[in-house]
Amino acid sequence: MGEIIKHRAKKKLVKRLVATITLSMTSVGLLLLAVSGWSNWVNNKHFYNEKSHDVASAVADGLSGDTLEDLVEIVKSDEFNAIPGSRDGTASREEVAECLKAQYMDELFDLDIEILSMIRNDMHVEYIYVQVIEDGTSITLLDPSDSYKALGYTEELKGKFKDLEGNVAVKPTVSKTDLGWLSSAGVPICNSEGKPIAVAFCDINMTELRNKTIRFIAVNLASFVVIVLVLGLLLGRHAKKTIASPIEKLTEATDRFGQDEATYNKENIVNLDIHSGDEIEALYQSTRFMQESLIDYMENLTAVTAEKERIGAELDVATRIQASMLPSIFPAFPERHDFDIYASMDPAKEVGGDFYDFFLIDEDHLGMVIADVSGKGVPAALFMMMSKIIIANYAQMGLTPAEVLERTNNRVCEGNKEDMFVTVWFGILTISTGHVVAANAGHEYPMLRGATGEFTVYEDHHDFVIGGMEGMPYTQYEFDIEPGGTLFLYTDGCPEATDKNNELFGTERMLAALNEHPDASPKELLATMTSAVDRFVGEAPQFDDLTMLAIKLNK
């Protein structure tokens, strides 16, 4: 099937190329023929128009206007009109001649007819005649073709001049008449006083010339068609040899190269004898370069894919390790019924920089930590693991929250060449009384709810972040969680969650979500908050880790 398609494509290419060039040649040839034929006809019209005008001018110059004026008077006389047939041109030659002889005009009339005959013969002119036009009536005075019988009134002038008024010049024109295609011109003949008496007309028959022009175009058209067909055949063979065949070979070689991944090797690179020095050779060289580049790409892709799979596996292990370092089994203290605690961490990447922790320092004291490391990904995760371990170790030593953060800060600042830092809220809860001693190193304000009522923001004292500067002092503060009350801790991924319009979720929406069911369990509170954030963000990507912790003292 593939061979048939390629064969048809090759044939189609050659046919389209030959058809396009042939059509172009035909169009240009026909245009040239049309232009040459039209130009030939226009030039001939111009030449014959000038000739007809020159002949008419020669007639006007060779005839006497006074004589013609006398001749007009004879034609208008009663004696002439008394001749039978004088009005319709059927009068006998002898009677007309006798009338002219009686007026002593016969010799002058014969002389003028002879002059017109000589001019007509010498100039190879079809028609020469002299007419008078008065008040819509025409009088033929001289016409060597009809001699005496042409003398007298005529119902209309010949051809296109029948609508003329007065003895005026007629510009040379070419028109089709009952006598064929004529080039006609008329020049007035004036008497000695300069008054126009008649018009000398000259008609040159161009019918044969027009026919010759048509024959010329037809012969050249036939010759051109034969030439185009021969050239088209030769061009088709040449195109097949120089264009279609190399492309067909290149297509077959390329097809063998791209059948499947196994063929992407240097043994299947196209190697053809194409040295045409044109675009075909350029296409061949480009194809070779593309195939070599593709082989290199496939080799690199294989290596990169393997490396990516290795990194992915390592990240998966890191994700599991990070998850295992955070308390994730709930209820965390199933034997304790005096409080309920729940926490969650949803990283923006495979591993996150946020962390939470809670642990019993003794039977009546619970340490609680929530923190947010600058940055994301693996570096933040490593920094987070180090910070979590240090905080937990110092807390287990019985230090106050301020002392824990101070020592943690000094320890983290040692060798912190990457200038990373972490915001931390750390508090110690006396479970039996609900009394909390806490310190805040640049972290978000906690949210607190009493036994009754709603959650509010507890605006505590903020100190500098951990890892920012060595030797920083930290202060601690105290507050109480009432029996039935709840403490809610979170990282900035919650209030700074962003929708598609870059609008922040914000503290007000957080409080609204918590206060939908303020007396709910910590797990239910976190689920409500997560659902509210997800609805707000919609399809927008998650840019930061989302970490929360809530603890409720049972009554």
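The values are calculated or read from the model by the stated rules, or taken from the named source; none is laboratory data. The shown structure was predicted, so the numbers you read here are calculated from the model rather than taken from an experiment. Cβ coordinates were reconstructed from backbone atoms using ideal geometry, including for glycine residues, and neighbour counts include every protein chain displayed.
Scan segment 506-538 for residues that are among the charged types (D, E, K, R) and either outside the structural domain of residue 347 (by TED's automatic domain parsing) or within 19 Å of residue 331 (Cα to Cα) (or both) and the total you get is 3. All conditions in (1) among the aromatic types (Phe, Trp, Tyr); (2) over 60 Å from the mean Cα position of the chain (by Cα); (3) part of a loop (DSSP other than H, G, I, E, B) hold for residue 464, with the sole exception of (2). Scan segment 508-525 residue by residue and report those that are surrounded by 15 or more Cβ atoms within 10 Å (Cβ to Cβ) and assigned to a helix (DSSP H, G or I). Across segment 508-525, the qualifying residues are 509, 510, 511, 513, 514, 522, 523, 525.
Taking every residue in segment 462-480 that is farther than 14 Å from residue 413 by Cα and pairing it with any residue that is of a type in the set (Ser, Thr, Tyr) and buried (at least 20 other Cβ atoms within 10 Å of the Cβ), at least 6 positions away or on another chain, the pairs with Cβ-Cβ distances below 8 Å are 463/474. Residue 446 meets each of the listed conditions (1) over 30 Å from residue 407 (Cβ atoms); (2) at pLDDT 95 or above apart from (1). What tally of residues in segment 479-505 results from selecting those that are modelled with pLDDT of 95 or more, surrounded by fewer than 21 Cβ atoms within 10 Å (Cβ to Cβ) and either part of a helix (DSSP H, G or I) or of a type in the set (Ser, Thr, Tyr) (or both)? Final tally of qualifying residues: 0.
Is it true that some residue in segment 445-459 is free of Cβ contacts under 8 Å to residues at least 24 places away in the same chain and either exposed (fewer than 14 other Cβ atoms within 10 Å of the Cβ) or not aromatic (Phe, Trp, Tyr) (or both)? Yes, segment 445-459 contains at least one residue that is free of Cβ contacts under 8 Å to residues at least 24 places away in the same chain and either exposed (fewer than 14 other Cβ atoms within 10 Å of the Cβ) or not aromatic (Phe, Trp, Tyr) (or both).
So, residue 231, is that one part of a helix (DSSP H, G or I) and modelled with pLDDT of 75 or more or not? Walk me through it before giving the result.
Details: part of a helix (DSSP H, G or I): yes; modelled with pLDDT of 75 or more: yes.
Answer is yes for this residue.
Restricting attention to segment 69-107, and to residues there that are part of a helix (DSSP H, G or I) and touching an Asp or Glu at 6+ places or on another chain (Cβ under 8 Å), which single residue is farthest from residue 138 (Cα to Cα)? It comes out as 102.
Among the listed residues 57, 92, which satisfies the condition of being in contact (Cβ under 8 Å) with a residue 60 or more places away in the chain and polar (S, T, N, Q)? First the steps, then the outcome.
On the way: 92 fails: in contact (Cβ under 8 Å) with a residue 60 or more places away in the chain.
It is 57.
Looking across segment 352-384, not a single residue is more than 19 Å from residue 441 (Cβ to Cβ) and touching an Asp or Glu at 6+ places or on another chain (Cβ under 6 Å).
Within segment 526-555, how many residues are of a type outside the set (S, T, N, Q), touching a residue at least 60 places away in the same chain (Cβ under 8 Å) and surrounded by 17 or more Cβ atoms within 10 Å (Cβ to Cβ)?
The number of residues fulfilling the criteria is 10.
Determine whether segment 201-208 contains at least one residue that is modelled with pLDDT under 75 and assigned to a helix (DSSP H, G or I). It would help to see each step written out before you state the result.
Within segment 201-208, the subset modelled with pLDDT under 75 is 208.
Filter once more, keeping what is assigned to a helix (DSSP H, G or I): 208.
Scanning segment 201-208 turns up at least one residue that is modelled with pLDDT under 75 and assigned to a helix (DSSP H, G or I).
Applying the condition of being under 18 Å from residue 296 (Cβ atoms) and surrounded by 10 or more Cβ atoms within 10 Å (Cβ to Cβ) to segment 248-266 and asking which residue is modelled with the highest pLDDT yields 254.
Residue-by-condition table, conditions (1) outside the structural domain of residue 129 (by TED's automatic domain parsing); (2) surrounded by fewer than 15 Cβ atoms within 10 Å (Cβ to Cβ); (3) part of a strand (DSSP E or B):
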{"residue": "186", "(1), (2), (3)": "no, no, yes"}
{"residue": "199", "(1), (2), (3)": "no, no, yes"}
{"residue": "217", "(1), (2), (3)": "yes, no, no"}
{"residue": "223", "(1), (2), (3)": "yes, yes, no"}
